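Taking it in order: structure first as structure tokens, then the write-up.
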Amino acid sequence: MLMDTDPFWILIEGSGRHGFGGDTRDSRLRDTLAGRPGCDIVRFQACLDALTDQALTWDLWAAADRIFGGWCPDDAFRSFQHWMMGLGRAVFEAAVNDPDVLGYAPEVLRLAGCPRAQWTAEDAPGWPTLDTIGLQAYELATGPSDDFGDAFYAAVRAARRAMACTRQPAPAAGGTGPSGRRWSAGDEAEAARRLPRLSVLFPLDVPLGVPLDAPPGVVPPGPRAEPYPHGRPDGGTGAVRPR
């Protein structure tokens, strides 16, 4: 049985009417969720985790590398995945299938027209707080707990085991990394073939693998660590929860 993701998207897109980023959108989404039964909040988080897994692909990570100018570390990539959700269901689902369509989104075009050093917190392609809103809303709805959210996340894992939460095939059980074939966004020929629009909109401004705030002369690090380096508490289908 498929989990109905329509309520998830209604909440995400509804919160966007109050501004894309910042406390206003977060508080609107948290307060709306907190007015729902606890089981609905659990389903919201289960859908968030499932859709995040759906967007865990090497092609999307390469797109993030290009947008960030050369390197998007794993924690920033998860935030980037959630930012894509904030762009709306149509953009998210299209980008999962073809990341280059991000180059047509107005929010992405605005980023391309502004030097990265001038990106504001609301402009930056990330939604780092989305991962915490479900737990916050759950505790508002059911009362605070002293287990650091363990019961909530156990319920989320149970919801994901009980049903398939996405409209696409779920990641293989025990999977630990992105799907697809890994490739380098710093390979301009490959980037031009796979991401023709994004590679033009976002030229690399640092060697691939060097953080954007690194001092001159820093060399790229070794092989990129897998996402969720501390393991996945649900056995490979969810994400490490912030504590």
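State, to one decimal in nm², a quarter of the convex hull surface area for the C-alpha atoms of region 13-160, i.e. the direction-averaged projected area.
8.9
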Alpha-carbon Rg with Dmax, taken over region 56-131, Å
11.3, 30
Over the Cα atoms of region 88-133, how large are the radius of gyration and the largest Cα-Cα distance (Dmax), in Å?
12.0, 31
Distant-in-sequence amide H partners of Thr57 (H built 1.01 Å from N, under 5 Å)
Ser179
Show Tyr153, Tyr104, Tyr138 ordered by accessible area, largest first, where the area counts protein heavy atoms only and the probe is 1.4 Å.
Tyr104, Tyr138, Tyr153
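The values are calculated or read from the model by the stated rules, or taken from the named source; none is laboratory data. Here the structure is a predicted model, which is why all the values come from computation and not from measurement. Just the protein is used for accessible areas: all its heavy atoms, side chains included, with ligands, DNA and RNA removed. Shrake-Rupley method; radii C 1.70, N 1.55, O 1.52, S 1.80 Å.
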